[in-house]
Structure formats: structure tokens, C-alpha cells
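Student: One structure coming up, written as C-alpha cells, with questions to follow.
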Amino acid sequence: MNRFLAGYSPLLLALTFGVFTGFFLISGVLQAAAPVRSVAVTMGDYRFSPDSISVQSGETIRLELVNTDSLTPHNFTLKAEAAGLNVDIDVSAGGTGILDITPLAPGTFEFYCNKKLPFMKSHRHRGMEGVLIVTPAGPD
Ligand SMILES: [Cu+2]
């Protein structure tokens, strides 16, 4: 066996191990601390604003829903089985809601408000709908 390696390999191993352990610890911490991108979505006057939200496949975004109407409750419904999403959340008049979503497949998926008073047009029918555009995950 090579004497040099025999003498130094434990040190090298320890250093290598230490460097890699440090790297993984740091990358783990960085990943855990990575901020989730927030998108503020207002709901009012039978509209979502914005009514188009873009996200990368596999990315988690936080939707901060704000109902700006003082009397009318709204809702955020997003049924996108293909992307692993099944969302149905009510937001009371003047209220807020927080929703983290992670779409798992690219595509364009409609979201809408499912509220409807008897004998009235549904909120969706009045224009309360939008699209979630999920783009393919980039290389990283
Ligand atoms: Cu509504």
C-alpha cells in the first residue's frame, strides 16, 4: 500500500466527510429557509385580480386571498387533478385566506369562485374566474 495514502487518508477522509457534511447541512438549511413566493389575489366585484397566475411545475406558491367586498363572501376553487390540485376555500366578506399550492404538472388550469345565490347568476358566470398557468420545471 502507498505509505503516503496510508498515513494521510484518515485525515483526508475526515476532511472530505466534514466538507460534504457541511455542504449538505448548509444546503438543507438553505432549502428549508427558501422563501415561498407569495401572490396576493384580491377577490371583489366578481373578479379575481390578478386573474392569471404563473407558476413553475413543482414550485410552491402562497396565495394570499383578500376579499375586498364588505358584504359578499367569495371562494377560490381549483380542481386540477392532472396537477395534483384540489382546492376549495371560502373567504368571507372582508376576510383573508392563505393557501399554499404546489402544482405537479404543466398545463393551464381554471380557477373560479363557486358562490351563487338562488335565482342569480353564479359568481363565475359574472366573470369571477381565472387561470393558473403551470410552466414546465426548469433545469436546476
Ligand atoms: Cu365570488
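Student: For an R0 of 30 angstrom, estimate the FRET efficiency from the Cβ-Cβ distance between SER54 and PHE119 and round to the nearest 0.05.
Tutor: Details: r = 37 Å, r/R0 = 1.23.
In this case the efficiency is close to 0.25.
Student: A further question follows. Can you put LEU104, LEU85, LEU117 in order, fewest other beta carbons within 10 Å first?
Tutor: LEU117, LEU104, LEU85
Student: I want the local charge near ARG62. Using Cβ-Cβ distances under 13 Å, sum +1 for each Lys or Arg and -1 for each Asp or Glu among the other residues.
Tutor: -2
Student: Now a separate question. Please sort 108-116, 35-43 by packing, taking for each peptide the average over its residues of neighbouring beta carbons within 10 angstrom, highest first.
Tutor: By packing density, highest mean first, the sequence is 108-116, 35-43.
Student: Continuing with the same structure: In a shell of Cβ-Cβ distance under 13 Å around PRO35, excluding PRO35 itself, what net charge do Lys and Arg (+1) and Asp and Glu (-1) give?
Tutor: Net of charged neighbours comes to 0.
Student: What is the calculated FRET efficiency for ASP100 to LEU71, with r their C-beta to C-beta distance and R₀ = 41 Å, to the nearest 0.05?
Tutor: For R0 = 41 Å, the calculated efficiency reads 0.90.
Throughout, read-outs are computed from the coordinates displayed, never taken from laboratory work. What you are looking at is a predicted structure, and each value in this text was computed from that prediction instead of being measured. For neighbour counting, all protein chains shown are included, and Cβ atoms are generated from backbone atoms with ideal geometry for every residue, glycine included.
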